[in-house]
Every structure is written in C-alpha cells, then in structure tokens.
Amino acid sequence: MRRKLVAGNWKMHGSHAANAELLAGITAARPFGCDVAVCVPTPYLSQAAVALAGSDVRWGAQDCSAHAQGAYTGEVSVAMLAEFGCRYVIVGHSERRQYHAETDQLVADKAKAALASGLTPIVCVGETLAQREAGETELVVKRQLSAVIHALGHCAGEMVVAYEPVWAIGTGQVATPEQAQAVHALLRAQLKAATPHAEAMQILYGGSMKPDNAAVLLAQPDIDGGLIGGASLKAADFVAICRAAG
Ligand code: PEP
C-alpha cells in the first residue's frame, strides 16, 4: 500500500503574516496519516524552514534552475534550495510551461538537477482542454513523462509525478475520478516499463482538488495524493484534504 502525499502549491501568494497563520494551522492539526508538504515562494523558504522545523511537514520550492550555478540572473539553483532544507521542488508546472515556454527537455533537465542535489522533483504533466478534446491526452502526458524518464535513467523511480490536467487547474472544473484514474493508470504503466519501482511511486492528482472532492479522487487505485493550489492557502481546507488522504 502506497503512502499518500498531499503537497500544497502556494503559487505566488503569501506574506509573512499570512504564512505564519497558515503554517501554524497546518502544524497544529498534526499528526496526519499521509506525507504532507508545502511548496512556497522562494523568499519564504526560510520562514517555512523555521516554522516547520521539528515537525514532519516538509517544504519545497515551485521551480528551480537546470544549471548548477553561473550567470543566470533571477534563477535559483537546486543546491541553494537544498541549503534551505527543501525536500521537494515542483518542475514542469503548466504555468511554467505556458508562461515561461518551458519545454519537455528543460523540465527533464530540472528534474535531473533536483535529484542530483538530493531533492525530490514533483514532475507535472497534463493536457490542455484542446488536447483532450482532440483525443491527445495520452500522447501528451506520455511525451512529457517520457522526456523525464529518459533524463533520469535508473533514478526515474525517485521522482513524484503529478497529473494536472491544465483545464482543471484553478478553474473549479475537476476531472472526474474515472478520468483521473484512467490517466494515472497509463502513467503507472509507462513508469513500470521504465523502472522496477513504479508500484511504489507516488502519482498525485492536481486540478481543483478541494475538501469536498478529495476523498473520492484519493480513493482511486492509482491516485496517491494531491498537488493542491487554491485549497492549500486556507489551513482548514488543506488540513481537510490531508485528513481525506490519511
Ligand atoms: C496547481 O496549481 O498545481 C493546482 C492544482 O491548482 P488548483 O488546485 O488551484 O487547481
């Protein structure tokens, strides 16, 4: 039985005061029966590290550079994230692919850099509405995952995968449990062909997961947790999803 992971993606939200309240609300609700993490904006990593020290709630970043160091103004290396005590880094979120033109290869390079520094990449894959309507869901998610599997080689079993249909992110239009499970099953099959660890790997669902739909999604056999955007910004909602996963 795989242990579930619920990871919050705060996106570009937060302030010192709001974060303090949110993190206190999460830690006060422990223990959880699942792995729990928050992926916070880079300037707040040290705040998260201090607030979560000594708890089993993990923290991570929302992106990283594929480069180790150098003249890359504005970028943050995985070694820097590791110094902040990050356990996770999200790579290939659809907002990065869409607004920053991140390619499958760049996402794969970032995932590889993360693993090399001891961070677990949460690799996002997902189709747009147009791609789903054109019957291209399988093609798209397999292509996105394949680039990362290829780059990671024998370490592919160490990533976390997040299936995030783009049309469900921040829209309130959640995938049905059957739609999500179908894609998770084919991602698991793809992982099985690449690594002997596929059965143990966590494949998260992300896209308008909320307290009222989490349980039914998390009950699907290949859904091993959630990557949570909007609902990770309110402690009560995030904690309710963690409880549904536990
Ligand atoms: C996300 O941004 O990863 C996400 C899943 O957002 P939301 O939960 O708001 O749809």
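The values are calculated or read from the model by the stated rules, or taken from the named source; none is laboratory data. Note that the structure is a prediction, hence the values are computed from the model and not measured. Cβ atoms come from the backbone with ideal geometry, glycine included; neighbour counts cover every protein chain shown. Quick note on the areas: whole protein, heavy atoms, side chains included, nothing else; ligands and nucleic acids left out. Shrake-Rupley method; radii C 1.70, N 1.55, O 1.52, S 1.80 Å.
Miscellaneous remarks
- Entry remark, the stretch 145-170: residues being surrounded by 23 or more Cβ atoms within 10 Å (Cβ to Cβ), of a type outside the set (Val, Ile, Thr) and touching a strand residue (DSSP E or B) at 6+ places or on another chain (Cβ under 7 Å) number 5 in total.
- Selection status of Gln105, loosely packed, with under 15 Cβ neighbours inside 10 Å and within 15 Å of the ligand (Cβ to nearest atom): no
- All of Ala113, Ala66 fail the test of being open to solvent by 10 Å² or more (accessible area, probe 1.4 Å), more than 22 Å from Ile228 (Cα to Cα), touching an Asp or Glu at 6+ places or on another chain (Cβ under 8 Å) and not aromatic (Phe, Trp, Tyr), apart from Ala66.
- Count of the stretch 131-182 residues, restricted to those that are within 16 Å of the ligand (Cβ to nearest atom) and in contact with a His (Cβ under 9 Å, 6 or more places away or on another chain), is 5.
- Single residue of the stretch 195-246 satisfying the filter (of a type in the set (Asp, Glu) and either within 14 Å of the ligand (Cβ to nearest atom) or surrounded by fewer than 24 Cβ atoms within 10 Å (Cβ to Cβ) (or both)) that is farthest from Thr176 (Cα to Cα): Glu199
- One residue from Glu158, Glu164 being without any contact (Cβ under 8 Å) to a residue 60 or more places away in the chain and either among the polar types (S, T, N, Q) or farther than 12 Å from Cys64 by Cβ (or both): Glu158
- Taking the numbered list (1) closer than 23 Å to Val183 by Cα; (2) within 14 Å of the chain's Cα centre (by Cα) in turn, Val38 passes all entries but (1).
- Qualifying residues in the stretch 171-181 (those that are in a helix (DSSP H, G or I) and farther than 14 Å from Val125 by Cβ) - the one most open to solvent (accessible area, probe 1.4 Å): Glu178
- Leu191 being under 22 Å from Met1 (Cβ atoms), touching a residue at least 24 places away in the same chain (Cβ under 8 Å), within 13 Å of the ligand (Cβ to nearest atom) and open to solvent by less than 30 Å² (accessible area, probe 1.4 Å): no
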